[in-house]
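Down below is the structure, laid out as structure tokens.
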Amino acid sequence: MNREHIETIENIENVEHNESVEHNESAEHAEHVEHVEHVDSAGHVRRNTGGHPHTYGTPGAPTAAGAPENTPALPPRAPLRAFLLHAARRHGPVLAVYGTLKLAGFLVFLHLLDSAGDYRTKPVRFGGGAHPWDVLATWDGWWYQQIAAHGYHPVLEAIPGATGLITVRENSAAFFPLYPALIRLVCEVTGLGTYGAGMLVSIVASFAAALGIHTLTERFGGRRAGLAAAGLWAVWPGSGAEWAVYSDSLYVALAVWACHAVLTRRWLTAGVLTFLAGLNRPTAAALIAALAVAALLALYRREDGGRPLAALVVAPLGLVGYLAWVGHRMGDYGGYFKLQSGAWAHSFDYGKHTLHVLTSLPVGHYDYIFAYPFEDLIGVAVVLLAVALLVLLIRLRPPAALVVYTVLTMALVLGSQQIFGNVSRYLLPAFPLFLPLALALRRLEPAVLYTLLGIAALASGSYAGYALFELGIP
């Protein structure tokens, strides 16, 4: 190893050491601050500096080059080994926290499946299989595998003589294309089957989502809050779908990094990620609206040239394009929504069904559609928790884009008629709700914090996994 190489590595280690010292000092200071005083529309955290009550600092504000001022830059020709070491020190703890907690809950979930054995008596497509892990690719997972293997055949086909809720035959067009397309790609590249490829995409995406949630939360509450938020992502009700042949992890990964790109004013990145999210889930409408608000504010203030407008144009193309394609193939441009309503009884009813469940379950009445008492009880707890956390989030005064995204995500979920027990899964994308809870948890000693998260992880095998897949319909 030559002297120039050694000096380069030593410089990097010195930079990392200084970053660690600076971060520890800022974290200690943050514990004396009761709450975030103000976050402007660009996502800059402003805290009272102890002087005049209206004098604020803006740690982590983007520089002209688009990078936070307190983020150390690697030397232009840093060796690969040093770069990987830097990345491991930066992101390793996040991946370790999320992965350990998620693995613990996942193993408990598989143990519960095996010990109860109910999956052995169910059809392969509907929660059954030869092995406990086969359950992870049933229900929606079966559809995603079919699309990956055989493609789409959009059609609105009425069930002869059918009346009531279900009047149309189920069709693959109800499931958005990005996730099955990635499954197909992984199959072609690796030789895996659709099950293995789907699990691989979901697991990798779940870690990408954990990194995004950590990075976003760290902007407002420091590294310890970011680690707490990544832990919450692992144990949140509904998190059983993160390691399954479901599109949830992929959507959250795209959404959280799109939000981060908006806050850091990387407009083209935000537009492309939102475009991709629109090819993955219909609730990307909330993400599109959030980006639109931020972009219009930037245009009004004459910031960033034409990039906000470009993002505004690109963002909705994925969602609108898929819905238009399905409508064209069906011969009815409202075909996607008719399919959802007629084949799955999913429709937007302005919260009527949610209110029915919330008023029926507490008095022991289960006369609403798709009643699964244990799963629904978890769903009620999630709704109440989400509403409380939304109030606390708004009190933190985060950027408008995060508020718009969270409120619209909750409105789309709670305003729809669907299987209510799935509300815990459908609200997984409302990750900004982790922020106020993570800011509170950062005050705990690490041993206490990780003990609490560990207990939650073990319990999540039941409330986030088994209840979702075996005591209801995920």
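Here are the numbers:
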{"quantity": "Contour excess over end-to-end distance, with Cα ends at LEU384 and SER360 and 0.36 nm allotted per residue", "calculated": "7.1 nm"}
{"quantity": "Nearest-0.05 FRET efficiency for ARG89 and TYR350, computed from C-beta distance (R0 60 Å)", "calculated": "0.75"}
{"quantity": "Ordering of 338-350, 217-229 by burial proxy (mean other Cβ atoms within 10 Å per residue, highest first)", "calculated": "217-229, 338-350"}
{"quantity": "Computed log₁₀ I(q)/I(0) - Debye formula, equal Cα scatterers, no solvent, the range 169-321, q 0.09 Å⁻¹", "calculated": "-0.32"}
{"quantity": "Taking the range 87-186 and dividing mean pair separation by its residue count, relative contact order in percent (alpha carbons under 8 Å, at least six apart)", "calculated": "17 percent"}
{"quantity": "Segment VAL320-ALA96, extension gain: residue separation times 0.36 nm, minus the distance between their alpha carbons", "calculated": "76.9 nm"}
{"quantity": "Residues LEU452 and ARG302, FRET efficiency given R0 of 51 Å [Cβ-Cβ distance, rounded to 0.05]", "calculated": "0.65"}
{"quantity": "Residues whose placed amide H lies under 5 Å from that of HIS346, excluding near-sequence neighbours", "calculated": "SER341"}
{"quantity": "Largest to smallest accessible area among GLU375, GLU445 [probe 1.4 Å]", "calculated": "GLU445, GLU375"}
{"quantity": "Hypothetical label at ALA411: residues of the range 257-298 whose amide nitrogen lies under 15 Å (7 Å Cα-Cβ projection)", "calculated": "283-294"}
{"quantity": "Where labels lie 7 Å past Cα in the beta-carbon direction, separation of VAL204 and THR121 in nm", "calculated": "4.0 nm"}
{"quantity": "Ordering of 364-371, 248-255 by burial proxy (mean other Cβ atoms within 10 Å per residue, highest first)", "calculated": "248-255, 364-371"}
{"quantity": "Ranked by how many other beta carbons lie within 10 Å on average, peptides 304-317, 161-174 from highest", "calculated": "304-317, 161-174"}
{"quantity": "Label-point separation in nm, ARG395 to ARG169, each point 7 Å along Cα→Cβ", "calculated": "5.5 nm"}
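The values are calculated or read from the model by the stated rules, or taken from the named source; none is laboratory data. Values in this document were obtained by computation on a predicted structure and should not be read as measured data. Counting neighbours? That spans all protein chains shown, and the Cβs are built from the backbone with ideal geometry, glycine included. Heads up: the accessible areas ignore ligands, DNA and RNA and are worked out on the full protein's heavy atoms, side chains in. Shrake-Rupley method; radii C 1.70, N 1.55, O 1.52, S 1.80 Å.
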